[in-house]
Amino acid sequence: MLPEGRLRSALADVSLITIHGPWFRVVGAHLLRDAPPGAPPGSAPQPLWPGGALQGARFTPENGFGTLYLASDPLTALMETQAVFLTTRGELLPANLQPWTLLGVDGVLTDVLDVGEPAIQEALGTSLAELTGDWLISQSAAGRSPTQALGQAAFDAGRIVAIRYASARNTAKGFDVAVFAERLAPGGASYLRVVDPHRHLDQRLP
């Protein structure tokens, strides 16, 4: 990854794309029984709550900014939450038997940084190995991983709504999207909504 100053300069020039749903999100069922932390008493559950990433995530430094993580398909979403894993023989096995809720999320995201593109990786001085590496080890050792440094710089740029990247757990077939919730402005072109015709877990951002 480029040093911070050069990284910020590079992000000011890279091309951004628009992507469309659907995407998928897996949430522990117990987290959808009540409103998330900090919500007014009596509020409805928020399946698109971005606050969980504040503990640290691939593109979110600890105590950074609300980030919503979505996956390209149900399997990738389950693998990212470590609910299931693939063996070396390609067998799909459960890894965590707690109740999970799989959500379909539709929408449009403009101004997306696609770090899956080799040209973008070259411009940012990064690689697929760095982008899919163990961010938690880097965070523990240095306080912030290279991908978290990229996420912070992208968020600070102001013009970037989300980062699209190859899944670290399903690299050959899946991709993920890290959405900066604060960049989903009312009246803008970007939005996300839970697909729920029964409206039990209805939510839209913004």
Residue that is of a type in the set (Gly, Ala, Ser) and modelled with pLDDT of 95 or more, where the choices are SER138, SER127: SER127
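Taking the stretch 1-21, which residues are part of a loop (DSSP other than H, G, I, E, B), surrounded by 14 or more Cβ atoms within 10 Å (Cβ to Cβ) and touching a strand residue (DSSP E or B) at 6+ places or on another chain (Cβ under 9 Å)?
VAL14, LEU16, GLY21, listed by residue number.
Touching a residue at least 60 places away in the same chain (Cβ under 8 Å), at negative phi and assigned to a loop (DSSP other than H, G, I, E, B): is that true of PRO45 in this structure?
Numbers: touching a residue at least 60 places away in the same chain (Cβ under 8 Å): yes; at negative phi: yes; assigned to a loop (DSSP other than H, G, I, E, B): yes.
Considered against the rule, which asks whether it is touching a residue at least 60 places away in the same chain (Cβ under 8 Å), at negative phi and assigned to a loop (DSSP other than H, G, I, E, B), PRO45 comes out as yes.
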Enumeration of residues in the stretch 184-195 that are assigned to a loop (DSSP other than H, G, I, E, B) and touching a residue at least 60 places away in the same chain (Cβ under 8 Å): GLY188, ALA189, SER190, VAL195
Helices (runs of 4 or more DSSP H) enclosed by the stretch 95-183 - at least 1 residues per element that are among the hydroxyl-bearing types (Ser, Thr, Tyr) and either exposed (fewer than 15 other Cβ atoms within 10 Å of the Cβ) or without any contact (Cβ under 8 Å) to a residue 40 or more places away in the chain (or both): 135-142
Set GLY133, GLY66, GLY116, GLY107: member being in contact with a Ser or Thr (Cβ under 8 Å, 6 or more places away or on another chain), under 22 Å from SER190 (Cα atoms) and not basic (Lys, Arg): GLY107
LEU54, sole failed condition from (1) over 20 Å from PRO197 (Cα atoms); (2) buried (at least 18 other Cβ atoms within 10 Å of the Cβ); (3) not small (Gly, Ala, Ser): (2)
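The values are calculated or read from the model by the stated rules, or taken from the named source; none is laboratory data. The structure displayed is predicted, hence computed values, not measured ones. All Cβ positions, glycine included, derive from the backbone under ideal geometry; neighbour counts span all protein chains shown.
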